[in-house]
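A quick write-up on the structure given underneath.
The values are calculated or read from the model by the stated rules, or taken from the named source; none is laboratory data. Note that the coordinates shown come from a computational prediction; the quantities given were computed from them, not determined experimentally. Every residue, glycine among them, receives a Cβ derived from its backbone with ideal geometry; neighbour counts consider all protein chains shown.
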Amino acid sequence: SLEVLKEMLDKSQKDNYVPFKNFVGKYVKEGEIKERYTALANWYNRFKHFWVSNGPYYLEKADTVAHTVLLKNAKFLK
């Protein structure tokens, strides 16, 4: 659920948690992990979900009752 993911984000951000640190830690500096968590928190605060992508579209809205999603062009995200 979103609440659980938000709690995990908050804890990871507070602890500067680096997933798979033995491997990823070689490529991600401590300052960078803070920036990444801040960017993810900003994304969540803006869009109210954690479906982050690097494609040409982003998830604007999901309707689980109607089984539909609204994708929008991600030009502004660049």
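Once segment 51-78 is narrowed to residues that are small (Gly, Ala, Ser), over 24 Å from Gln13 (Cα atoms) and surrounded by 10 or more Cβ atoms within 10 Å (Cβ to Cβ), the residue that is modelled with the highest pLDDT is Ala62.
If you go through segment 11-52 and keep only what is of a type in the set (D, E, K, R) and in contact (Cβ under 8 Å) with a residue 24 or more places away in the chain, you end up with just Lys48. Which residues, taken from segment 45-78, are more than 13 Å from the chain's Cα centre (by Cα) and of a type in the set (Phe, Trp, Tyr)? Passing the criteria: Tyr57, Phe76. Counting only helices (runs of 4 or more DSSP H) wholly contained in segment 1-50, the ones carrying 3 or more residues that are surrounded by 10 or more Cβ atoms within 10 Å (Cβ to Cβ), modelled with pLDDT of 95 or more and touching a helix residue (DSSP H, G or I) at 6+ places or on another chain (Cβ under 8 Å) occupy 2-15, 30-47.
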